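Working notes, structure below.
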Amino acid sequence: MDVLGKARRLESTIAARLDEAAKGLVRPRLREPLEIVLAILDAVERRIEPTGRGTRVFPFNRIELSVVAPSRETRGRLEAVFAGATPLRTRIVDRLQSLGCSPVDVVVEIQYVDRGEPTWSAPEFDLQFARVADPEDNLRELASQPAQIEIRVLHGVMDRWAYSLAAPRIDVGRGAEVRDQRNRLIRTNHVVFSEGAGDVNQTVSRKHAHIEYEPVTGHFRLRDDGSEHGTEIVRGGRTISVLRGTRGARLQSDDEVVLGEARVRIRLPRP
């Protein structure tokens, strides 16, 4: 009997299983913001297509980036790098042009989420690519006035229990009117959280957020207007942060919108 050989094989099997168990217990190190940026650029580069005769093309004009930001600190560090002296979009365009692609007019949409999905190709982020046609000829034929959307309060006190509105822009905030130090009217909120109605309402800024209609796509987007306590979307158990200075986040029907500590539910019309 080859006792020594059997012992060695057993030792190797035990070592391999222990190694696999250790890998399952040790969480991989999340990359630093700049490392994530470089990984994003490499992922974008892999989508370049050759068109013959030494020319290349990037076939998309829209990139949707989902990034894991489990804390405000992490989100702040990512935002500082993404919107720094050389914004992420500029880095992407520069990388594409340096590789021989013709000038690209690409839109980069960033969403911050609490956790990643098992289907993501990278633990820190996910990229979705799309090409959206530019319907300039049909722009006037598209609905200049959007369909009616419904906004119902879930937590907090609004002047009405629900609003049904159809407007290109819907302003949301505390109080019906917002005035400057000289008492000049600078904004009228369409969705009004009542003044003096408790601590929850106090977390809603006077100029908190707005919903904007995109006639080209037919989508509604939520944008933060520099609120003090932040704006988020809760969808399917996931939280999407809506940061000031970005394109905001596209709304879907039945989304819960978090304004400070207040909450509303959005009902959008069917396509």
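The values are calculated or read from the model by the stated rules, or taken from the named source; none is laboratory data. The structure presented is a predicted model; accordingly, all values stated were derived computationally and were not measured. Using ideal geometry, Cβ is built from the backbone for each residue, glycine included, and neighbour counts are taken over all protein chains shown. SASA here: full protein model, heavy atoms, side chains in, ligands and nucleic acids out. Shrake-Rupley method; radii C 1.70, N 1.55, O 1.52, S 1.80 Å.
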From most to least accessible, 1.4 Å probe, no ligand or DNA/RNA atoms counted, LEU185, LEU88, LEU165 line up as LEU185, LEU165, LEU88
Kindly state, to the nearest 0.05, the FRET efficiency for GLU73 paired with ASP159, given R0 = 35 Å and r defined as their beta-carbon distance.
-> 0.45
How high is the FRET efficiency from ARG53 to ALA167, r the C-beta distance, R0 51 Å, rounded to 0.05?
-> 0.50
Solvent-accessible area of ARG187 with every protein chain in place, 1.4 Å probe, in Å² to the nearest 10 | 20 Å²
Cα centroid of the stretch 210-271 to Cα centroid of the stretch 59-89, whole Å = 18 Å
For the THR119, ASP94 Cβ pair and Förster radius 45 Å, calculated FRET efficiency rounded to 0.05 is 0.95
Please give the length that would be gained between GLN128 and ASP225 if that part of the chain were fully extended, namely 0.36 nm times their separation in residues minus their C-alpha to C-alpha distance (nm, one decimal).
-> 32.3 nm
If each of GLU64 and ALA197 carries a label point 7 Å out from its Cα toward its Cβ, how far apart are those two points in nm?
-> 3.2 nm
